[in-house]
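J.: Sharing a structure with you now.
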Amino acid sequence: MDTLLGDDILDMIEIKNLGFSYQEDGVALSDVSFNVEKGEWLTILGHNGSGKSTLSKLLVGLLRPSSGTITVDGQVLGEESVYDIRKKIGIVFQNPDNQFVGVTVKDDIAFGLENLQIPRDEMVKRIDEYANRVDMADFLEKEPQALSGGQKQRVAIAGILAMKTDVIIFDEATSMLDPKGRKTILKYIQKLNEEGVTVITITHDMRESVLSDRILVLKNGEVLKIGPTKDILLDKETLESSNLELLLPLEVMHTLEQKNITHPKLKEFLWQLSLNT
Amino acid sequence: MAIKFEHVSFQYKSIDNKGYLALDDVNVVIENTGEFITLIGETGSGKSTLVQHMNALLTPSKGSMNILGVKISSTAKENKDVQFNPIRKQVGLVFQFPEYQLFEETVEKDIMFGPKNFGVSESEAKKRAREAINIVGLDDSYLSRSPFNLSGGEKKRVSIAGILAMEPDILILDEPTSGLDPRGRDALLEVFYQIHTSLNKTVLIITHDMNTVYEYAKRVLVMREGALVYDGDPVKLFSRKNIDNWNLDVPDIIQLKDALESNFHLDMSGTIRNKKALLKRLEEVLS
Amino acid sequence: MKVVIGRYVPGSGFFYSMDPRTKIIALILLMIATFLIDSFALMLGAIGLIVLLMMAGRIGIKRVYLGLRPLMFLLIFTFVFQILFNRQGEILLSRTVYYSFLSLALAVGLVVFWFFTKKFTRFKLFYFVIMVAGLYAIFTEIGNVSPFATGTLAIYEEGLSMAAFIMLRLIIIVTLSTILTITTKPTDLNLGLEHVLKPLKIFRINTEDIAMIISISLRYIPTLLDEANKIMLAQASRGVDFKEGKLKDKVMQIVSLLVPMFIISFKRSDELANAMEARSFTPGATRTRLHQLSWKRLDSVAIGIAFLALSLSIVLRISPWI
Ligand SMILES: Nc1ncnc2c1ncn2[C@@H]1O[C@H](COP(=O)(O)OP(=O)(O)OP(=O)(O)O)[C@@H](O)[C@H]1O
Ligand SMILES: Nc1ncnc2c1ncn2[C@@H]1O[C@H](COP(=O)(O)OP(=O)(O)OP(=O)(O)O)[C@@H](O)[C@H]1O
Ligand SMILES: [Mg+2]
Ligand SMILES: [Mg+2]
């Protein structure tokens, strides 16, 4: 019981020496260790095929680690605990098609709630609330297959948000949304996080990482770097070595520094601008 | 010869006969050479539906289209004798979801599928597969893998390779850069641009990334609720007030340019449409 | 290409407002009744009643026909099989069949001609009957030119009536099931099944899981058809022309559709399982339900009628004066 006391209680997720491979040869993840604090927002970045989605599936017990351990809220993830842990973690898949269970949008949002044994009245209320939140209230009776790409992503997000889990993982969940829709969802994620939900966002869009507390950069299945968002945002070398980029204002800042053009007020201005994208 | 839409409307049929009007009286002409177009618009505005008409995967419910000299109308009877294959050979379409496009056992077979069907020899198709996979930024080892066991971004790249290998005259890509890492996105946009400039081909890209629109497009189409609401120059588009109504956004470059202009009174006038030009100008005005 | 089996079609009418339990139980009762009926007149009467019911419930005949269509081959096969091989009862027709070069050549020619021209006619069934009549004429009349073998085509009373019976039964059963799946959302069907199966609990059978398995399988049929459609679109856009091509090409096309279908259906079922688990689905655990069942007067009436129909068919079956 010692482990439940002390600092550990602050960690929502603790990952130690995690390794995974899909086949005999070829390693998808190796020796990954990091933790996510309760109420933290962590961004995971990395090149295509760096292991982001694999990591997220391991976290909810859809894949089994080849080595290492995952602890969620003090509970070690294993055969027995997996069902408990899934009640705490919601995940929006990278491909929304892989997520749909219900025959209509309404049934699909309901599916997770039914599993959590939410009473019917509450369920009806939540379906309404979250369908509106993602602007899909007019589509409740449609089949998920008969939606556009962005509409599918919205429904997938609503299905998870409605479950109100302690942790939510978004695996490139806004990649097909229009700019306005993307901003709305991000604002809402921020609000949730402020209310205490632990958030993990996987993305390729640097602008989405700005609001998070920390950034984890993966490369070839290993942790390249993890640190406070501000540090990583400025770390051109780390970002570029995993096929990422600097935010535009920071790129400008970097170039000016390289050319020895100093302009203190401009520097501060660019920094502020990058935080507001 | 071009792709010409005349009053095209399209209704998705559902089995209960309550259709959904996804295209509403669209008129547009796209030249078969020399265009670089981006198609943008809010979620569910009909972009994917529109481009599926361009290679006749869907045919209009109302109105008619003329694709490279082949007339396609709204009645099955009149379309009976239409040869679809030549159209699909010339107009290559990359789907929004790579999962909708990949079906072969290996990546190599999948990329070779198109070329082989259009009469390219086995050995030539193999050669093209190798080239295409490298163009999209994956190495040869991927050729023997199953397209289903790849990461999201890798699938996207393979689906693009499958169409590039067909070497179509008109290349249409439905959100080709969603899910790609930033370097992959830039590299592939550069590839599409090269295809456009060096071979004078027409390229049409659907995207939600305003930076892509501003940096590359010569012409931009905006859709809203099934209708085409803007067809013209991207620079003009972003200076209009109603981009907010269309759920669009101002490209990063313009935002930065405007902020620098108004806060530091730096001269940012003229055409600055990409990072390079912006950095060059800044250097000039600051040193 | 939309196939209807297993697919819910939104709509209104009293079938939609019925409790799924009612529909399932009524379906079972009526199916038993169909098997008990042994007179032609009653069978036709039953069909008439079903059509009336469908009209009252505002279900288009065409939709049900679409549900029957994939089974057309099976229907015709059983019909022909029964006619040709059931040799009981009085002989209704007996003709000599002539196998000659002429008759075989003509027959093949006719079938091929029918196969390639049938898509141009709107009356496919009628056209098919004409073809069959043509074959009959060829083998029994026209082909009598130096035959190298002869045979007899004999149709017996029992054969004909059995054939007709089996066909009508199949039609009724498929029609009734189609009405059930068209008008019941898979979630409701699941719920209904769960309740109807509940008595099996005494035998320590996990009825919730069985209900889930049945409704997932039902839900899976349209999913697979959608997948097939997706692959066809993917292939069409890369140069497969499903509209044209010789027979050999067609066979190749079907093969190249089947292989990925096989792989993808495995993949899809895996993904579906993942999707369910990721959203806290726990096998055997209790779940709350969005859709609640409510028993209405309509349901009592419907069940009453179904019982009545069953009792009537039992009485008619065992009563001596029919
Ligand atoms: N089902 C699978 N079978 C075998 N290998 C796989 C499978 N899924 C992914 N991989 C491989 O594992 C590695 C990590 O994949 P993963 O999907 O985690 O990447 P990712 O970081 O999410 O990439 P992306 O940004 O493209 O989504 C990749 O090299 C990929 O090819
Ligand atoms: N198979 C279908 N059946 C019925 N309606 C459909 C189908 N596919 C799309 N729709 C509807 O048609 C409209 C246009 O869809 P389309 O996929 O063309 O949008 P889009 O502009 O590509 O959107 P996105 O940016 O989200 O991909 C949407 O409102 C969608 O709900
Ligand atoms: Mg991924
Ligand atoms: Mg789309």
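J.: Order C:247-256, A:58-67 from most to least packed using the mean count of other Cβ atoms within 10 Å.
T.: A:58-67, C:247-256
J.: Whole-Hz ³J(HN,Hα) for each residue in region A:196-211, computed from phi via Karplus 6.51 cos²θ - 1.76 cosθ + 1.60 with θ = phi - 60°, x for glycine and proline: what do you get?
T.: Each residue of region A:196-211 in turn: x, 6, 7, 10, 10, 10, 9, 7, 10, 9, 4, 5, 6, 8, 4, 7 Hz.
J.: How large is the dipole of chain A about the Cα centre if only Lys and Arg carry +1 and Asp and Glu carry -1, each at its Cβ, rounded to the nearest 20 debye?
T.: Once rounded to the nearest 20, the dipole reads 800 debye.
J.: Filter the chymotrypsin sites (Phe, Trp or Tyr not before Pro) in region B:74-168 down to the DSSP loop ones having no more than 15 other Cβ atoms within 10 Å, then list what survives.
T.: none
J.: Give, ordered by residue number, each residue of region A:225-260 whose 1.4 Å probe accessible area is reduced by a minimum of 40 Å² on adding the remaining protein chains to the chain alone.
T.: Going by heavy-atom accessible area, the residues of region A:225-260 that drop by at least 40 Å² are A:Asn243, A:Glu245, A:Leu248, A:Val252.
J.: Ok, one more. Antiparallel as a % of all DSSP beta bridges within region A:130-247, to the nearest 5?
T.: Here the antiparallel bridges make up roughly 55 percent for region A:130-247.
J.: I've got another one for you. Run through all the Cα pairs of chain C and give the fraction in each 20 Å bin from 0, expressed as whole percent.
T.: Per 20 Å bin, starting at 0, the Cα pair percentages come out as 22, 48, 27, 2.
J.: Now a separate question. Can you bin every Cα-Cα distance in the protein assembly as shown into 20 Å intervals starting at zero and give me the percent of pairs per bin, rounded to whole numbers?
T.: It works out to 12, 39, 33, 12, 3, 0, in whole percents.
J.: Under a plain spin-label model, where a point goes 7 Å from the Cα along Cα-to-Cβ, how far apart in nm are C:Met31 and B:Tyr193?
T.: In this crude label model, C:Met31 to B:Tyr193 measures out at 6.4 nm.
J.: Taking every residue in B:142-153, how many Cβ atoms of other protein chains lie within 10 Å of its Cβ, on average?
T.: Partner Cβ neighbours, averaged per residue: 4.
J.: For a quick check: with amide H placed at 1.01 Å from N, whose amide H comes under 5 Å from A:Trp41's, ignoring anything fewer than 5 positions away on the same chain?
T.: A:Val199, A:Asp213, A:Arg214
J.: Based solely on its DSSP helices, what 222 nm [θ] is calculated for chain B when runs of n ≥ 4 H residues each add -39,500 (n - 2.57) and the sum is averaged over all residues, nearest 500 deg cm²/dmol?
T.: -11500 deg cm²/dmol
J.: Mind checking region A:16-56 for chymotrypsin sites (Phe, Trp or Tyr not before Pro) that DSSP puts in a loop (not H, G, I, E or B) and that have at most 15 other Cβ atoms within 10 Å?
T.: Hits after loop and neighbour filter: A:Tyr22.
J.: Let me check I've understood the local charge: for A:Glu240, count other residues with C-beta under 13 angstrom from its C-beta, Lys and Arg +1, Asp and Glu -1. What total comes out?
T.: Within the 13 Å Cβ shell, the charges total -2.
J.: Let me ask another. Could you work out the longest stretch of chain B that avoids the trypsin sites (Lys or Arg not before Pro) located in DSSP loops with at most 16 other Cβ atoms within 10 Å?
T.: B:81-217
J.: Please report the net charge: other residues with Cβ closer than 15 Å to the Cβ of B:Pro115, K and R +1, D and E -1.
T.: Residues close to B:Pro115 contribute a combined charge of +1.
J.: Right, another one. Out of all DSSP beta bridges in region B:148-287, what portion is antiparallel? Express it as a percent rounded to 5.
T.: 50
J.: Turning to a different aspect of this structure: Ignoring ligands, DNA and RNA, how much accessible area is buried between chains C and B, both sides summed, with a 1.4 Å probe, to the nearest 100 Å²?
T.: Roughly 2300 Å².
J.: Between A:Ser81 and A:Asp138, take the C-beta separation as r, use R0 = 45 Å, and let me know the FRET efficiency to the nearest 0.05.
T.: After rounding to 0.05, the efficiency reads 0.65.
J.: Please work out the average accessible area per residue across chain A, using the 1.4 Å probe convention, and give it in Å².
T.: Per residue, chain A has an accessible area of 41 Å².
J.: Where in region C:138-176 is the amide nitrogen less than 16 Å from a point lying 7 Å along the Cα-to-Cβ axis of C:Val112?
T.: Those under the cut-off are none; the list is empty.
J.: Need the list of lysines near A:Lys38 for cross-linking: C-alpha distance under 27 angstrom, and skip anything on the same chain fewer than eight residues off.
T.: A:Lys16, A:Lys52, A:Lys57, A:Lys87, A:Lys88, A:Lys164, A:Lys183, A:Lys187, A:Lys191, A:Lys219, A:Lys225, A:Lys230
J.: Then there is this: What is the antiparallel percent of DSSP beta bridges lying wholly in the protein assembly as shown, to the nearest 5?
T.: 60
J.: Can you give the longest run of chain C that contains no chymotrypsin sites (Phe, Trp or Tyr not before Pro) sitting in a DSSP loop with at most 12 other Cβ atoms inside 10 Å?
T.: C:149-294
J.: May I pose another question? Along the charge dipole of the protein assembly as shown, pointing to its positive end and built from +1/-1 on Cβ of Lys, Arg, Asp and Glu, which listed residue (B:Gln101, B:Leu68, B:Ser269) has its Cα farthest out?
T.: Looking along the dipole axis, the top candidate is B:Leu68.
J.: Here's another thing I want to ask about it. FRET efficiency for A:Asp25 and A:Arg64, Cβ-Cβ distance as r, R0 = 22 Å, nearest 0.05?
T.: 0.75
J.: Relative to the isolated chain, which residues of region A:45-62 have their accessible area cut by 20 Å² or more in the presence of all protein chains (1.4 Å probe, heavy atoms, no ligands or nucleic acids)?
T.: A:Asn48, A:Gly49, A:Leu62
J.: A further question on this structure: Using the Cβ atoms and a cut-off under 14 Å, what net charge is assigned to the surroundings of C:Ile91, where Lys and Arg are +1 and Asp and Glu are -1?
T.: Summing Lys/Arg as +1 and Asp/Glu as -1 gives -1.
J.: Another one. Going through region C:74-142, which trypsin sites (Lys or Arg not before Pro) have at most 14 other Cβ atoms within 10 Å and a DSSP loop state?
T.: C:Arg87, C:Arg122
J.: I would also like to ask the following. Excluding ligands, DNA and RNA, what is the accessible area buried between chains B and A, summed over both sides, using a 1.4 Å probe, to the nearest 100 Å²?
T.: 3800
J.: Expressed as a whole percentage, what fraction of the accessible surface of the protein assembly as shown belongs to carbon and sulfur atoms when a 1.4 Å probe is rolled over the protein heavy atoms?
T.: 59
J.: Using helices alone, what [θ] at 222 nm do you get for chain A, with -39,500 (n - 2.57) per DSSP H run of 4 or more residues, divided over all residues and rounded to the nearest 500?
T.: Taken over chain A, the calculation gives -11000 deg cm²/dmol.
J.: Work out the charge dipole of the protein assembly as shown with +1 on the Cβ of Lys and Arg and -1 on the Cβ of Asp and Glu about the Cα centre, then indicate which of A:Ile185, A:Val124, C:Ser100 is farthest towards its positive end.
T.: Result: C:Ser100.
The values are calculated or read from the model by the stated rules, or taken from the named source; none is laboratory data. Since we're looking at a predicted model, the values are computed, not measured. All Cβ positions, glycine included, derive from the backbone under ideal geometry; neighbour counts span all protein chains shown. Side chains are part of the model used for accessible areas, which takes the heavy atoms of the whole protein and leaves out ligands, DNA and RNA. Shrake-Rupley method; radii C 1.70, N 1.55, O 1.52, S 1.80 Å.
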